[in-house]
Amino acid sequence: MSSVKPPSQIAHIGIAVKDLSRTVPFYTELLGLHLVGYETVESENVRVAFLQIGSTHIELLEATSTDSPISRFIEQKGEGIHHIALEVDDSVERLSFLKKQGVKLIDEVPKQGAHGSLVAFLHPKSTNGVLLELCQRGAR
Ligand code: ZN
């Protein structure tokens, strides 16, 4: 048995889209999800729309510049599921633990994400091709 504390839940599922204004109505009007709001995340050159689903969220991501990771993703793979975010309350400790275990990290130190959260990505080469985000809720 592992003594590692499990992440508390799926914080959100990130979906890369070309155009938020064309995508959000599908989720709100046709699926009936509640739009929590929009936010621009400067560090990632993305604009996100958060939709609530139960106690978790769907995060729609639109690139705000051509060198955004989201524009590169869409160029290579098209629109679709981009990442899965796991909610943790110990991202710094977890990153150093994972690094010691040989897990390839994209972010060795958490950075500022949406809603004042701290986020860090694990490299898909170490996670069976899934881009995993560790997401730690901010103080606010
Ligand atoms: Zn995310």
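Bear in mind these aren't lab numbers, they're just calculated from the coordinates by the rules spelled out. Quick caveat: nothing in here was measured; it's all calculated off a predicted structure. Backbone-built Cβ (ideal geometry, glycine too); neighbour counts: all protein chains shown.
List of remarks:
- Every condition in (1) of a type in the set (D, E, K, R); (2) in contact with a strand residue (DSSP E or B) (Cβ under 8 Å, 6 or more places away or on another chain); (3) more than 15 Å from the ligand (Cβ to nearest atom) is met by residue 67 except one, and the failing one is (2).
- Options 98, 134: the member that is outside any helix (DSSP H, G or I) and either touching a strand residue (DSSP E or B) at 6+ places or on another chain (Cβ under 6 Å) or in contact (Cβ under 8 Å) with a residue 12 or more places away in the chain (or both): 134
- Pick from segment 52-69, criterion surrounded by 20 or more Cβ atoms within 10 Å (Cβ to Cβ) and aliphatic (A, V, I, L, M), ranking: nearest to residue 121 (Cα to Cα): 61
- Residue count for segment 94-140 under the criterion of being surrounded by 14 or more Cβ atoms within 10 Å (Cβ to Cβ), more than 13 Å from the ligand (Cβ to nearest atom) and either closer than 11 Å to residue 11 by Cβ or of a type in the set (Phe, Trp, Tyr) (or both): the result is 0.
- Take the conditions (1) closer than 21 Å to residue 132 by Cα; (2) surrounded by 12 or more Cβ atoms within 10 Å (Cβ to Cβ); residue 77 misses just one of them, which is (2).
- Pick from segment 8-25, criterion surrounded by 16 or more Cβ atoms within 10 Å (Cβ to Cβ) and of a type in the set (Gly, Ala, Ser), ranking: nearest to residue 94 (Cα to Cα): 11
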